[in-house]
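The values are calculated or read from the model by the stated rules, or taken from the named source; none is laboratory data. Because the structure is predicted, anything quoted here is derived from the model rather than measured. We place every Cβ from the backbone using ideal geometry, glycine too, and count neighbours over all the protein chains shown.
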Amino acid sequence: MEVTRTRHQADRERRAQVGELVRFYLCAALFVGCNKALPGDKAEYVGCWEGVHMALSISADGWMEYYRGIGPNYTWFWAPIREYRDDRLVVGWLFTTELRLDKPPRQEGAFGMTIDGVPLVRKTAESITLMRTSEDPPRWLCESGSFIKVEF
């Protein structure tokens, strides 16, 4: 038994393919168009930072990986930094979040900054992936080298 496609079915399939291409290119444009390289005066932000129940990694090409919380109650994201304001970092794609910058990066013994009231110390001057520990409760740390995120 041979099944033939009707003109209506062929048109529907073609529209579905076009719709998939449009969605792909829109997502690609959002993904590529959102991040900007860090401005020269923000180079001191680059690195991996740790604080109490908080860690973040900022790359020179304008991306941030962020973790804050304890155990199963945490917030994690990886997104472009959209804007630097005097007292805020705006991070995200279509939807954004603002991190309050209480103290910008500065050298006071250890190189540090304060975001959302949490003092952070720069562990490395390069951006690296955050690693989740197997401690109870687990923490996220800046560790150099290759490693795998362990999900619990």
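In the stretch 109-120, the condition of being under 17 Å from LEU38 (Cβ atoms) and touching a Cys at 6+ places or on another chain (Cβ under 8 Å) is met by no residue.
Number of residues in the stretch 90-105 that are of a type outside the set (A, V, I, L, M) and under 15 Å from the mean Cα position of the chain (by Cα): the value is 6.
Residue-level analysis places ARG139 among those that are surrounded by 18 or more Cβ atoms within 10 Å (Cβ to Cβ) and modelled with pLDDT under 80.
Suppose we keep only residues that are of a type in the set (A, V, I, L, M) and either part of a loop (DSSP other than H, G, I, E, B) or within 12 Å of the chain's Cα centre (by Cα) (or both) within the stretch 59-89. Which one would you say is surrounded by the fewest Cβ atoms within 10 Å (Cβ to Cβ)?
Step one: filter the stretch 59-89 for residues of a type in the set (A, V, I, L, M), giving 60, 64, 70, 79, 81, 89.
Then drop every residue that is not either part of a loop (DSSP other than H, G, I, E, B) or within 12 Å of the chain's Cα centre (by Cα) (or both), which leaves 60, 64, 79, 81.
On the way: ALA60: 14, MET64: 20, ALA79: 18, ILE81: 24.
Looking at the filtered set, the residue picked out is ALA60.
So for the stretch 27-39 (the condition being exposed (fewer than 13 other Cβ atoms within 10 Å of the Cβ), assigned to a helix (DSSP H, G or I), hydrophobic (A, V, I, L, M, F, W, C) and at pLDDT 75 or above), does at least one residue qualify? No: zero hits.
Residues of the stretch 94-114 that are among the aromatic types (Phe, Trp, Tyr) and surrounded by 15 or more Cβ atoms within 10 Å (Cβ to Cβ): PHE111 alone. For the stretch 44-83, the tally of residues that are over 16 Å from ASP116 (Cβ atoms) and of a type in the set (Lys, Arg) stands at 1. Across the stretch 115-133, the qualifying residues are those that are in a loop (DSSP other than H, G, I, E, B) and at pLDDT below 70, and the one among them that is farthest from TRP63 (Cα to Cα) is THR133.
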